[in-house]
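As structure tokens, the structure follows; a few thoughts come after it.
The values are calculated or read from the model by the stated rules, or taken from the named source; none is laboratory data. Computed from a prediction, not measured in an experiment: that's the story for all the values here. Glycine also receives a Cβ, built like all others from the backbone with ideal geometry; neighbour counts cover every protein chain displayed. Surface accessibility is based on the protein's heavy atoms, side chains included, excluding ligands, DNA and RNA. Shrake-Rupley method; radii C 1.70, N 1.55, O 1.52, S 1.80 Å.
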Amino acid sequence: MLRLASKSLPGKAQGRLAYLQRKVDEKTTFSEKAAKAESLWAGKTGSSIGKLTFEAIREKLAAMCVSVKICNYCEQNEANDIEHIYPKSLFPSRAFIWENYLLACKQCNTAYKLDSFALLDADGDILPIQRGSEPVSLNGAFINPRTEDPTDFMLLNLGSYKFEPIPEIDKKAANKAKVTLEVLQLNERDQLVQSRKAAAQYRYQRMELLVRILNTDSVTEIEALLTPYDDLLDLTVPLQDLKQRIKEGFKNDIQLHQHPSVWFAIKKIGRIVTPKWQAIFDAIPDALDW
């Protein structure tokens, strides 16, 4: 998981959300608020203004994704669901709050996250939520990538390809990481773990190929190194210009490939502990900013 680059919602869409949230908040009891939030959410696109509002929301959330419309939790599947970070059934006061949304895949949203959540008490200990009653606080035991940087709480281990809480963090942060990982099952889904490993291998192969290309002395050598799947380039341009264009293309590929947390871990840890990655970044130092 990585932090999302927040964007502002257009005024009309924000106004519609505020209207819907007022409809929830005007109810008296918690159960009434929760029922109203569920009802309004189910019918949110039943009008033309509702359709336009949630089209704008989806568009903005898609632009905020950690890669091209990719799930912000598993970083692998296509993100189609508007996910409530604080579940609307437990926190109806956040049902129509823009800052409580992100895009997630169907699997993360409905098979794992659902309305699973926990709170933290004043000492940073995990406090289970009493369902059917109003939560005692809004201090969630779950990393919120809209407002928090998940890499302040956990990092990907490039040996196991599983996320681990950062050792030196305090109990509150460690429990946030623990609950987040348990709810989303990010370390238990074998397919995710193997896909992260494949993403690391892919990035190394591409970066190693790029180093070789940048060290060539002729267009002919470059042409021989490029795979059949690399975009066709104008091989008539000067050699250095061609190398720069190829470098930009590889940069875009590396950044947009699935599992961007893998690339973050490679830049932060892999370049220090893995000699082959160190050699890559010695050859292309600006890649640390990709």
What nm distance separates the two modelled labels at Leu256 and Glu59, each placed 7 Å from Cα along Cα→Cβ?
-> 2.0 nm
In degrees, nearest ten, helix 239-256 long axis to first principal axis of the chain (Cα) = 30 degrees
Karplus-derived 3J(HN,Hα) from phi for segment 78-83 (6.51 cos²θ - 1.76 cosθ + 1.60, θ = phi - 60°), whole Hz, x at Gly and Pro, runs 5, 8, 10, 9, 7, 9
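Work out the length of the dipole vector of segment 1-137 about its Cα centre, built from +1 on the beta-carbon of each Lys and Arg and -1 on the beta-carbon of each Asp and Glu, and round it to the nearest 20 debye.
660 debye
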Using per-residue counts of other Cβ atoms within 10 Å, averaged over each peptide, order 260-266, 152-158 from highest down.
-> 260-266, 152-158
Packing-ranked peptide list from 183-194, 102-113, highest mean Cβ count within 10 angstrom first, is 102-113, 183-194
Excluding ligands, DNA and RNA, what is the solvent-accessible area per residue of the chain at a probe of 1.4 Å, expressed in Å²?
-> 50 Å²
Can you grab the distance from the C-alpha centre of segment 160-230 to the C-alpha centre of segment 1-61, Å, no decimals?
-> 35 Å
Which angle from 0 to 90°, rounded to the nearest 10, does the C-alpha axis of helix 11-25 make with the longest principal axis of the chain?
-> 40 degrees
Packing-based order for 207-218, 38-49, using average beta carbon neighbours within 10 Å, highest first | 207-218, 38-49
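Relative to the present Cα-Cα distance, how much length would full extension add between Lys268 and Lys106 at 0.36 nm per residue of separation? Write down the numbers at each step before the final one.
Numbers: separation 162, 0.36 × 162 = 58.32 nm, distance 3.04 nm.
Stretched out fully, the Lys268 to Lys106 stretch lengthens by 55.3 nm.
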Extending each Cα 7 Å along its Cβ direction at Arg22 and Leu114, get the distance between those two points in nm, one decimal.
-> 3.5 nm
Pairwise label distance in nanometres, Ala42 with Val237, each label 7 Å out on the Cα-Cβ vector = 5.6 nm
Set Lys197/Lys268; Lys113/Lys176; Lys69/Lys247; Lys69/Lys276 screened for pairs whose C-alpha atoms are more than 20 Å apart | Lys69/Lys247; Lys69/Lys276
Check cross-link reach from Lys243 to the aspartates and glutamates: straight Cα distance under 14 Å, and skip same-chain residues fewer than eight apart.
-> Asp217, Glu221, Glu223, Asp230, Asp231, Asp234
Please give the helix 171-184 orientation as an angle from the longest Cα principal axis of the chain, in degrees from 0 to 90, rounded to the nearest 10.
-> 80 degrees
Report in % the part of the accessible area of segment 113-241 that belongs to carbon and sulfur, leaving out ligands and nucleic acids; probe 1.4 Å.
-> 50 percent
